[in-house]
Number of protein chains: 4
Amino acid sequence: MIYLTSDYTSGAHPDIMERLVATNMEHSAGYGLDSYTLEAQRLVREVCGAPDAEVIFLVGGTQTNATAIDGILRHHEGVLAADSGHIAVHEAGAIEASGHKVLTLPHHDGKVVAEDVERYVTTFYADATHEHMVAPGMLYISQPTEYGTIYTRGELEALSEVCHRHSIPMYIDGARMAYALQAEGADFTLRDIARTADAFYIGGTKCGTLFGEALVVTRPHLVKALFSLVKQHGALLAKGRLLGVQFATLLSDGRYESIGRHAVRLAMKIREAMREAGYEAVVPSPTNQQFFELPNEVIDKLHKVAAFDYWGPRGTTCSTVRFVTSWATTEEDIATFIRAIRCAHEFADGDC
Amino acid sequence: MIYLTSDYTSGAHPDIMERLVATNMEHSAGYGLDSYTLEAQRLVREVCGAPDAEVIFLVGGTQTNATAIDGILRHHEGVLAADSGHIAVHEAGAIEASGHKVLTLPHHDGKVVAEDVERYVTTFYADATHEHMVAPGMLYISQPTEYGTIYTRGELEALSEVCHRHSIPMYIDGARMAYALQAEGADFTLRDIARTADAFYIGGTKCGTLFGEALVVTRPHLVKALFSLVKQHGALLAKGRLLGVQFATLLSDGRYESIGRHAVRLAMKIREAMREAGYEAVVPSPTNQQFFELPNEVIDKLHKVAAFDYWGPRGTTCSTVRFVTSWATTEEDIATFIRAIRCAHEFADGDC
Amino acid sequence: MIYLTSDYTSGAHPDIMERLVATNMEHSAGYGLDSYTLEAQRLVREVCGAPDAEVIFLVGGTQTNATAIDGILRHHEGVLAADSGHIAVHEAGAIEASGHKVLTLPHHDGKVVAEDVERYVTTFYADATHEHMVAPGMLYISQPTEYGTIYTRGELEALSEVCHRHSIPMYIDGARMAYALQAEGADFTLRDIARTADAFYIGGTKCGTLFGEALVVTRPHLVKALFSLVKQHGALLAKGRLLGVQFATLLSDGRYESIGRHAVRLAMKIREAMREAGYEAVVPSPTNQQFFELPNEVIDKLHKVAAFDYWGPRGTTCSTVRFVTSWATTEEDIATFIRAIRCAHEFADGDC
Amino acid sequence: MIYLTSDYTSGAHPDIMERLVATNMEHSAGYGLDSYTLEAQRLVREVCGAPDAEVIFLVGGTQTNATAIDGILRHHEGVLAADSGHIAVHEAGAIEASGHKVLTLPHHDGKVVAEDVERYVTTFYADATHEHMVAPGMLYISQPTEYGTIYTRGELEALSEVCHRHSIPMYIDGARMAYALQAEGADFTLRDIARTADAFYIGGTKCGTLFGEALVVTRPHLVKALFSLVKQHGALLAKGRLLGVQFATLLSDGRYESIGRHAVRLAMKIREAMREAGYEAVVPSPTNQQFFELPNEVIDKLHKVAAFDYWGPRGTTCSTVRFVTSWATTEEDIATFIRAIRCAHEFADGDC
């Protein structure tokens, strides 16, 4: 069986696992006060071109978002996000549980546009009753988005500009950052991310580690007492060096790049095969997540060789599905899957 | 250097690391919906003699406590705990951050006594203004306590009895449960824990895993929507099977027992050597944490061979220190350390 | 100057003020444990035909909503509401501050329709990832709505039916309930409110009292420890009898009815005069709030005789405005205002 | 029956009631944007000698404390308070409900001493694990305390000095401030309060108004978006002018002084009569609350002429009780009560 359900179905990239094994019997200080974590922090600052950034490693994405957003916002403020954003939909109310409203903007293929932020903020402050409403206190975006699409450098700069003009910090959820960086047409680097955002995280869990996210705060004093806040959110790993070892490995020797590149390349092969079979992607994603609307009979056939997720019906005969690649997806997996696409299409009676 | 600072200074027990490596390239469902997690849940229920218990695995202790306590309490209730309890002191306000007050009771070598619970509850409801106060909604205890001491089966039963008579669920923080179970004079089993408590967790992080705690809810319907609550608290691991693999290994082949036994045996050797050198333990701990009050010059000498934690001054010439053993502590470590104790004592000028 | 800005611009209805003065020097128990409050609670149960309902008086609407919703929901649940609902827009994030998400439904002239609730709930539970999302835990509606519209008895029953079929309590914000009850075409009574809702409040602040809302919980055990929860939310009035005296007066001798009737009748006069002048109401409100889109020059002229609120521009030459009547609006006020409408219209150059 | 149960058993001081009646039919802007509130704000600034202070009026004490403390603290911080403090005991967990821990200090007749604050803060930061603990982020004291005692000007200055040396804002709960200002031996004024505290409130509810507290923030920018925060806490009164009218009256023509003076003078008469009868006050309170330990048979006799609160048993034959005076207590009340004290004592068999 081929696994295209998600990019977190297997363990860690073999190089990372090897380092965990090699260092397993060592003793070190807990809570990220060890030398591996120091090295990983240095590497993060280096790849981001942000020598003064505060860097802390957390276990998972939801806790990273909740901690960072709680740390950035004042009590009366909420966080602007696309209505398709992970914090708005799939974090079980973690943001609200720490007291803050998610203020939604309409998404455009998963993305927020600068004009909508501008309009929201100016309309808000023009409203005579705005002190009775939740003030927009920061912007949350995902790069890539939950739909696999990416912001261009120009779009990041436009969002950053409008945010900073209104004194609103900009935060980027980079759960799948490796794939955005290696996407077709990606014209930005981690330095652009660090330059346009005030805080962001570089995802590990979905990009090759067993778990772990690197939270980077580039604006000085943006979050007070970050360490304590991480602890309060239950997000401080006792054996913190596990995060240090993993990120030191992930971010060295071009590994983050090769992991991203590999997965994107295989995803593009799926997209090309689908196109040849007559199926256009539902969303123009240049990253490792691909969404298609397929006849149910085609889906049934594909499910015989591959596991992948169902994203809801489209009428009575078609459905939307998602295919996700990762470092663990093999060339052979994709070759087999493409053969299946061709054959499934061959026998299909109808279209969507 | 010998490490006696804590039981989470190294990685995972080799058997556990081996299983993680062996299963690393497999694909599985996320969020704990995999077969390893199912097996681990089955094992937990078996060792606890609680076939109907709800079992879920979380990453760390603070998040487990915060999630469970938040799930058990209603908004107007607080949690009773020893004033030395982890949730009262060392969780950075995680319980309060989810809206609940920690109601403290005086500790007795780290323990809560049933009479104090009884008195608190009856005094509370006898107070005409109690509706203006925070109602005691559950009891939190640690087994072993933060001071290494343990509750006997009789003490657990007495606490359970007073709690249930007042309709207050009893919750046990078992971060170091392995060491309590193998303590000198321990007269209880996990079945007694499961029988007297309404919810508890079996600690992994401090007992041999890379990370992970097994939360067990034995009282039906005590916590509603536990899975969503774990997610909301940012405590749901994407690659949930990592917890399943680790706990399935930890709880089979007598590993949890042997890890606990090994660490306790070595801790007793330290205690015995200290006693011979004339130093009595500050707290009568029969587990892997040992606290001593030593002359500062002895401490300085011991620090040349071993790392361990300083717990504060006692007058001007002495201090309290803590020594902790684990599965990773070796016989040789302890032999070396005991020689150091003897020599340091030999040259010491004074007593405490 | 005529005041049509809101229904809370003056003090209390003279009968209520008189009772406050008459009882001012008496002594009584605090926190609502006095005889006036007992009498008011009895009256509330009587007019609602709910002899077993729990009744408690709070000071204002936002605190009543926040307390009731916090008391009804479990931690993992959110509250369904129209996207125009007061809790969704104008309570400064009070619901989120107590940890709960407001789940919005599209409004229809301010109203939620049963079909949308049904679709939301069924779609939610059909989603394989729903445990990662915020569960719909209750429904919030306003009667009348923020736009002055009302739910018919049939609509209330349809909403109640869908809610109860899905085990979701239904809560009604009755800040302006007096005006709904006396609206043209209103086919429901407080008994229907009490029968279809599980909890609701009868508004005082906007219906004749100095302040105060009567929270009624008809479903047994829906909210645990309501008194303590009210205290925790800072919503417990020390001199609780002030609420008792006011509500005992408000709900006796047909006062709630006559206050509502008076205000609605005058609002209808405004609507009729507007219609004659060629201006249709923006929303078909049969209650004391009337919304119109008027040429800015007409608005300027009307502002010379009356204070009223501006609700935002419509293009460059027109704007939406709101006129609100209350027990304190006089026949003479309305006669003057209607003359102003006629004259302003007479001289207006354009239309909207 | 004479009422000595509390200072909030009757309505408003007649002068205040008169002003509420006189202004009842006027129309004004809501939410404190009216001219009466402006005048009251001006008066508060004037009596406090704080021309730049931010002043906002709220309805009750618990909501004022919760709002101010929530506004002052960052998420990782807690509030230092006496373990007898109102926020620590009698606010149903309102502080914790907004996410903050109350860090208790031992009380000395209800008071916090500067040395304890100094010790707490220095011990806290000396602890190597302090980042895992809740940081002391502000100090809460009550003037007068819950036991009726008062801080001298020197004590306020000492507390202020230690707080500011450690960058910890100092907040004063002045629910009964009028009585502290007029206490025997009081050597401070509202100007001293405003000068030593960073924020505080001047109580109305217990000092003559129907309800209401004046929150004063003297340190610039201490609380961000105060108005929105008040709204979020459900503490914004729609008919805000009711607070303005009451405080404008309370703080003019020497009313706050005379109300305090009257109540204190009568309380001193009770104390003197008790002393003559051989009963010393349990706490040396120079304000309107007096605590005594009396034989139960004396208490029973006194209860025949006066209502007052029982504060718990002392052994089997005695109990502690509290007598409270207010503007509404009459000379005649006290004369009657003193006669009762003398007679009850006359027939008493035993002592305490």
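The values are calculated or read from the model by the stated rules, or taken from the named source; none is laboratory data. From a predicted model like this one, the values you see are computed outputs, not experimental measurements. Here the Cβ positions follow ideal geometry from the backbone for every residue, glycine too, while neighbour counts run over all protein chains shown.
Couple of notes before you dig in:
- Checked against (1) in contact (Cβ under 8 Å) with a residue 12 or more places away in the chain; (2) more than 11 Å from chain D (Cβ to nearest Cβ); (3) not acidic (Asp, Glu), residue C:95 passes all but condition (2).
- Taking the criterion of being among the charged types (D, E, K, R) and within 16 Å of residue A:44 (Cβ to Cβ), the only residue of the range A:174-191 that qualifies is A:191.
- If you go through the range A:171-188 and keep only what is over 15 Å from the mean Cα position of the chain (by Cα) and closer than 16 Å to residue A:141 by Cα, you end up with just A:188.
- Residues located in the range B:249-294, provided they are closer than 24 Å to residue B:111 by Cβ, among the small types (Gly, Ala, Ser) and without any contact (Cβ under 8 Å) to a residue 40 or more places away in the chain: B:281
- Only one of the listed residues (A:85, A:49, A:30) is buried (at least 23 other Cβ atoms within 10 Å of the Cβ) and either in contact (Cβ under 8 Å) with a residue 24 or more places away in the chain or more than 13 Å from chain B (Cβ to nearest Cβ) (or both). That residue is A:85.
- Exactly one residue among D:244, D:278, D:312, D:254 is touching a strand residue (DSSP E or B) at 6+ places or on another chain (Cβ under 8 Å) and either surrounded by fewer than 21 Cβ atoms within 10 Å (Cβ to Cβ) or of a type in the set (Phe, Trp, Tyr) (or both), and that residue is D:312.
- The range A:315-337, residues that are crowded, with 18+ Cβ neighbours inside 10 Å and part of a helix (DSSP H, G or I): A:333, A:334, A:337
- In the range D:33-46, residue farthest from residue A:131 (Cα to Cα) [restricted to those that are within 14 Å of chain C (Cβ to nearest Cβ) and surrounded by fewer than 20 Cβ atoms within 10 Å (Cβ to Cβ)]: D:35
- For residue D:288: the one exception among (1) under 16 Å from residue D:149 (Cβ atoms); (2) over 18 Å from the mean Cα position of the chain (by Cα): (2)
- Members of the range D:228-259 that are on the phi < 0 side of the Ramachandran plot, more than 14 Å from every other protein chain (Cβ to nearest Cβ) and in a loop (DSSP other than H, G, I, E, B): D:251, D:252
- Some residue of the range B:291-306 being under 26 Å from the mean Cα position of the chain (by Cα) and within 14 Å of another protein chain (Cβ to nearest Cβ): yes
- Looking only at residues in the range B:112-136 that are within 12 Å of chain D (Cβ to nearest Cβ) and small (Gly, Ala, Ser), the one that is nearest to residue D:87 (Cα to Cα) is B:135.
- Unique residue being of a type in the set (S, T, N, Q), in contact (Cβ under 8 Å) with a residue 24 or more places away in the chain and surrounded by 24 or more Cβ atoms within 10 Å (Cβ to Cβ) when the list is B:145, B:149: B:145
Quick grid of which residues meet (1) modelled with pLDDT under 95; (2) more than 22 Å from residue A:175 (Cα to Cα):
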residue: A:287; (1), (2): no, no
residue: A:291; (1), (2): no, no
residue: A:305; (1), (2): no, yes
residue: A:322; (1), (2): no, no
residue: A:339; (1), (2): no, yes
residue: A:342; (1), (2): yes, yes
residue: A:346; (1), (2): yes, yes
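- Checking the stated criteria, residue D:31 turns out not to satisfy the condition of being among the aromatic types (Phe, Trp, Tyr) and farther than 19 Å from residue D:232 by Cα.
The rows are residues; the columns are (1) closer than 22 Å to residue D:258 by Cα; (2) out of contact with any Phe, Trp or Tyr (no Cβ under 6 Å at 6 or more places or on another chain); (3) buried (at least 24 other Cβ atoms within 10 Å of the Cβ); (4) not assigned by TED's automatic domain parsing to the domain that holds residue D:271.
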residue	(1), (2), (3), (4)
D:162	no, yes, no, yes
D:171	no, no, yes, yes
D:180	yes, yes, yes, yes
D:185	yes, yes, no, yes
D:208	yes, no, yes, yes
D:213	yes, no, yes, yes
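- Taking the numbered list (1) closer than 24 Å to residue D:245 by Cβ; (2) of a type outside the set (S, T, N, Q); (3) at the interface with chain D (Cβ under 8 Å from one of its Cβ atoms) in turn, residue C:22 passes all entries but (3).
- Some residue of the range B:115-124 being of a type in the set (Val, Ile, Thr), under 26 Å from residue B:191 (Cβ atoms) and assigned by TED's automatic domain parsing to the domain that holds residue B:207: yes
- For the range D:208-227, filtered to residues that are farther than 25 Å from residue C:97 by Cβ and under 15 Å from the mean Cα position of the chain (by Cα), the residue that is farthest from the other protein chains (Cβ to nearest Cβ) is D:208.
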